[in-house]
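Here's the structure we're looking at; comments come further down.
The values are calculated or read from the model by the stated rules, or taken from the named source; none is laboratory data. This one's a predicted model, so the numbers in the text were calculated from it and none came from an experiment. Cβ atoms come from the backbone with ideal geometry, glycine included; neighbour counts cover every protein chain shown.
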Amino acid sequence: MSDVNLENMTPEQIAEYQKKNCIFCHIINNRIPSYKVYEDDKVLAILDINPIHPGHILLLPKEHYYLLSQIPDKLIRYLFVVAKYLSSAMIKTLGAGGVNIFVANGAGAGQKAPHFMIHLIPRFEDDGLEIFKLPGYKIDENVLKQLADVLKKLLAKEGKHE
């Protein structure tokens, strides 16, 4: 049982508490061993110890972030450039036919870890994995237009344009 009361903490204190208790921050700081495949001053790529498929890589920013929206744009770009090179290396060295690259961003999207990460999963023809078998929905064109309009307005308000 924890004596910590998050309700009385500032957002900065909560972030520091999460960072202090994050298993991936401990891995990044070499307090917990891992199977590193790439590291530089900004990111760490490790093999997942509970992989969806052998060779499954977790690409982590070294700074603690929980959600994609918290990460500076420059670091997001860098993470995906590194993901591009890791993906290419996986195809060449593992003989993978492709690589699934995905982010579970928030608990509602299936994020289980308290640290943002990009998953890179090598795929092989007939490997039996159905990771992204999602149902397709038929949506009325008027609803699609309304959704597009609402999102465009919000993005324009926030300074993010098409």
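Quick notes on this structure:
- Filtering the stretch 109-140 to residues that are at pLDDT 90 or above and not in a loop (DSSP other than H, G, I, E, B) leaves 118, 119, 120, 121, 122, 123.
- Residues in the stretch 7-41 that are touching a helix residue (DSSP H, G or I) at 6+ places or on another chain (Cβ under 6 Å) and touching a residue at least 40 places away in the same chain (Cβ under 8 Å) were compared, and the one that is surrounded by the fewest Cβ atoms within 10 Å (Cβ to Cβ) is 19.
- Inspection of the stretch 86-98 finds a residue satisfying the criterion of being part of a strand (DSSP E or B) and either surrounded by fewer than 20 Cβ atoms within 10 Å (Cβ to Cβ) or not aliphatic (A, V, I, L, M) (or both).
- Scan the stretch 20-59 for residues that are among the hydrophobic types (A, V, I, L, M, F, W, C) and closer than 16 Å to residue 87 by Cα and the total you get is 10.
- Residues in the stretch 8-41 that are part of a helix (DSSP H, G or I) and not aliphatic (A, V, I, L, M): 8, 11, 12, 13, 16, 17, 18, 19, 20, 24, 25, 26.
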